[in-house]
Amino acid sequence: MLVRPLFSATLLCLAAPAAAETLTIHGSDPASANVNDLLRLSVERFEGEDGAALAQHLEAELGAAQFGGRPYYRIVAPESGAPTDGLVTGTTRASVDEVPVTEKRKRCVEDDPVDKKKCLKEIEVDIRCRRRTITIATTARLVAIGDGSIRYTRPLNTRDQQVWCPDRSASRSVEDYISSTQRDHVRAIRGDLAPRDYSLDVRVEESTKGLAKPAQAAFKSAVRLTKSDQVAACAAWTALTRDVEPTVALAFNLGLCAEMQGDFTAATDWYGEAQRQGSRSTAIPEGLARIDRNRRALSDWDARKRLMGAD
């Protein structure tokens, strides 16, 4: 098969060590909502007691969203009257319900007269406890001002239940749980409305099956090299293809190398080669799915830049 050149000077920035026997993949997932033509966004106060705070947090998260080091949205204050392309509205409500419950406990009714730490007879008794249920419901909606279309809507519901007794306290307060959950809801909404960068370490294949003895040694050396120099490891695997037919493990690792570099065509080819040779590893469809999402994120950004009139 045709061996694609995988490495260039631009890849040298990826030479930093990572976790053992892994390659570090950087990429982006696209926004799941249809927001490519919405450059300016406003966030109105959400309905509910904590709606103002949640809206402020969401506004800050969307304002901080970037792609390629550039802001994804221009945030417009809704009260300013300035033109905006999209308006985010919603509700957030929390309810707390407490009821009495009982639990069983063992109680010693006869101590050992010789050893006070031992019990000769125990009985079960009921103790009075409280069960607290917290329910938090948040709904967000994004409307495009230009045509009035609803581009996005998402309900988020979270429920927590705790029981505390005289001998066991609640692990968190109501206020802490509500605050933490609403922050999670904000992050979920932000993740739908703007692309999300990620960095993950993907484990390389270590099998030398199908390689001759000299090639096995070079392959294993490259695997060890991933601990200190990922670029050099990939260069070593690429060099192997001049003398041997790629095996499943070699093809997969070269796919990771290409994905790490951002050469998605080469990565897809190498992952496909590993599959054609019989690999059933779930890491391959996961890699192909990452590439598809990354391509969509880049395509969305290109369309967005054209609307912004940017290079």
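One table, with the values for the structure above:
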quantity: Rounded accessible area of Val248 (nearest 10 Å², 1.4 Å probe); calculated: 50
quantity: Fluctuation leader among Gln216, Gln261, Gln162 - the chain, Gaussian network, Cα springs under 10 angstrom; calculated: Gln162
quantity: Whole-angstrom gap from region 136-207 to region 210-228, using each part's C-alpha centre; calculated: 43
quantity: Per-residue ³J(HN,Hα) for region 34-47, Karplus 6.51 cos²θ - 1.76 cosθ + 1.60, θ = phi - 60°, Hz, x for Gly and Pro; calculated: 7, 10, 4, 9, 9, 8, 10, 10, 10, 10, 7, 4, 6, 5
quantity: Estimated translational D of region 208-267 in µm²/s (Stokes, Kirkwood radius over Cα pairs; 25 °C; 0.890 mPa s); calculated: 214
quantity: Accessible heavy-atom area order of Arg306, Arg105, highest first, probe of 1.4 Å; calculated: Arg306, Arg105
quantity: Sum of side-chain charges, Gly81 neighbourhood, beta-carbon under 14 Å (Lys, Arg +1; Asp, Glu -1); calculated: -1
quantity: Estimated inter-spin distance, Val125 and His26, nm [label 7 Å along Cα→Cβ]; calculated: 6.3
quantity: List Thr89, Thr138, Thr265, ordered by accessible area with a 1.4 Å probe, largest first; calculated: Thr265, Thr89, Thr138
quantity: Nearest 10 degrees, 0 to 90: helix 248-261 Cα axis against the chain principal axis; calculated: 80
quantity: For Phe67, distant residues with modelled amide H under 5 Å away; calculated: Tyr72
quantity: Listed residues Arg203, Arg190 arranged by accessible area, highest first, probe 1.4 Å; calculated: Arg203, Arg190
quantity: GNM top mover of Ser80, Ser32, Ser149 - the chain, alpha-carbon springs below 10 Å; calculated: Ser80
quantity: For Arg70, solvent-accessible area (1.4 Å; no DNA, RNA or ligand), Å²; calculated: 90
quantity: Folded to 0 to 90 degrees: helix 283-308 orientation relative to the chain principal axis, Cα; calculated: 90
quantity: Carbon plus sulfur fraction of accessible area for the chain, probe 1.4 Å, in percent; calculated: 49
quantity: Size of electric dipole in the chain: Cβ of Lys, Arg +1 and of Asp, Glu -1, about Cα centre, debye, nearest 20; calculated: 480
quantity: Listed values (1) 0.97; (2) 1.16; (3) 1.01, entry calculated as Rg/Rh (Cα atoms, Kirkwood Rh); calculated: (2)
quantity: Anisotropy class of region 176-304 from Cα gyration tensor, a/c 1.5 cut; calculated: prolate
quantity: Average accessible surface area per residue within the chain, 1.4 Å rolling probe, Å²; calculated: 54
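The values are calculated or read from the model by the stated rules, or taken from the named source; none is laboratory data. Computed from a prediction, not measured in an experiment: that's the story for all the values here. We place every Cβ from the backbone using ideal geometry, glycine too, and count neighbours over all the protein chains shown. Heavy atoms of the whole protein, side chains included, go into the accessibility calculation; ligands, DNA and RNA do not. Shrake-Rupley method; radii C 1.70, N 1.55, O 1.52, S 1.80 Å.
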